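Structure first, then comments.
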Amino acid sequence: MTAEPQRFVHLRRALILLAMAAAMAVIFALDTLTEYAVAAAVFHTAIILVAVRWFSPRLVIAITGLCITLTLASFALTPAGAYRTGLINTGISILAIVITAYLGLKMVAAQNAAHAAQTQLLRITQATSLGQVTASIAHEVNQPLAAIVTSGNACQRWLAQQPPNLEKAGQALERILGDAQRASDVIARIRSMARGEAPSKQKFDLNDAVREMVHLSGADLNQRSIAMDLQLAAGLAPAWCDRVQFLQVLGNLLLNAMDAMQDTPVVQRRITVATQSLGQQLALTVMDAGEGLSMSAKSHLFDAFWTTKRDGMGLGLNICRNMAEANGGRIWATDREDGRSGVVFHVTIAAFVAAGDAAAGGNRFG
């Protein structure tokens, strides 16, 4: 606060204090010159309320004491009236002054406590949000970083051969560059979500995006001996959403499916990814052959920081839901319809509708 506003505040408080002094003098005169039956001293409660609004608790207590002193002095100086009535009215006036001051100070203390609690809550919320953003970035970037390490090791092996296999090494380097760009895109999207920015929607081929993510997950699938079954519908309309966020959602679902089958016999390990059209939306399903979901898991599946994994962070599915909903879609999980153990995750996203189709009555979702 600059010096000019501070002087203004001090001047305003000085004027209020003078006005209060004048009002107290008027109340004292009125209470003294009238009979005992007229309890004019009760108007001191208005002075107390003004003091509570503008001055510190210590000054409020001092003003309260002054009001009580003036009330007693007025009672002693009142020249006429029923003494007993005057005594009762004086007691009631003093009691009203004390109660008003007490309740006023309590109200101010409660307001200050509420303000302090609100400030603390805001700090906690900001710290929590920062922690969630940090954890989200750590969770989402882990997959492309792991892929970079895998490709780097492969590149070293190809170069260590005699003679070096430059073609394979070059392919590994291309994968490293692609995964590094994916990690950068992931960080950018999560930062945008944390700032509340809208997704960067674009038109793209849903099936091509699925194939790309399955290819990126190929090394992990092979290492875990998991078969992949793609059931991609032909002739789909282009998808209309943030492509990077869609790949993050699919990557998380594939990783969850792989983790869910770590105790499944090798011959039964299979992930089925399917796409289909649902009117002016597109649907993606990811089905695994794991143990399935308990009732408790179903109720907390998309909660942040809730997980059944020993080393999990509990953020993957929560991020998936946030991204799906931010793009105008939905995500949910069901049991397999064939009666076998496992989970099916369903994701819907908007299909791109051309301007001419929209004019004919269609809608552009998202």
inquiry  = Where the second residue is hydrophobic (A, V, I, L, M, F, W, C) and surrounded by 19 or more Cβ atoms within 10 Å (Cβ to Cβ) and the first is closer than 13 Å to P79 by Cβ and lies in the stretch 34-46, which pairs have Cβ atoms under 7 Å and are six or more apart or on separate chains?
reply    = T34/A40
message = Taking the criterion of being crowded, with 16+ Cβ neighbours inside 10 Å, touching a strand residue (DSSP E or B) at 6+ places or on another chain (Cβ under 9 Å) and at pLDDT below 80, would at least one residue in the stretch 295-308 satisfy it?
response = yes
query = Is it fair to say Q245 is in a helix (DSSP H, G or I), closer than 21 Å to F352 by Cα and of a type outside the set (A, V, I, L, M)?
reply = yes
note = Checked the stretch 61-81 for anything open to solvent by 50 Å² or more (accessible area, probe 1.4 Å), among the β-branched types (V, I, T) and farther than 14 Å from A25 by Cα; matches are I61
ask   = Looking only at the stretch 200-241, which residues are in contact (Cβ under 8 Å) with a residue 60 or more places away in the chain, part of a loop (DSSP other than H, G, I, E, B) and touching a helix residue (DSSP H, G or I) at 6+ places or on another chain (Cβ under 7 Å)?
value = L236
message = So the check is Cβ under 6 Å with 6+ separation or different chains; which pairs have a first residue in the stretch 96-111 that's farther than 22 Å from L72 by Cα and charged (D, E, K, R) and a second one that's open to solvent by less than 60 Å² (accessible area, probe 1.4 Å) and modelled with pLDDT of 85 or more?
response = none
ask   = On the given criteria, is G279 open to solvent by less than 30 Å² (accessible area, probe 1.4 Å), out of contact with any Asp or Glu (no Cβ under 8 Å at 6 or more places or on another chain), more than 23 Å from D220 (Cβ to Cβ) and modelled with pLDDT of 70 or more?
value = no
ask   = Being at pLDDT below 90 and closer than 25 Å to A109 by Cα, is that true of even one residue in the stretch 28-42?
value = yes
query = In this structure, is D205 modelled with pLDDT of 75 or more and in contact with a Pro (Cβ under 9 Å, 6 or more places away or on another chain)?
reply = yes
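The values are calculated or read from the model by the stated rules, or taken from the named source; none is laboratory data. Model, not experiment: these values are computed from the prediction. Neighbour counts run over all protein chains shown; Cβ positions are idealised from the backbone, glycine included. All accessible areas refer to the heavy atoms of the entire protein, side chains included, with ligands and DNA or RNA removed. Shrake-Rupley method; radii C 1.70, N 1.55, O 1.52, S 1.80 Å.
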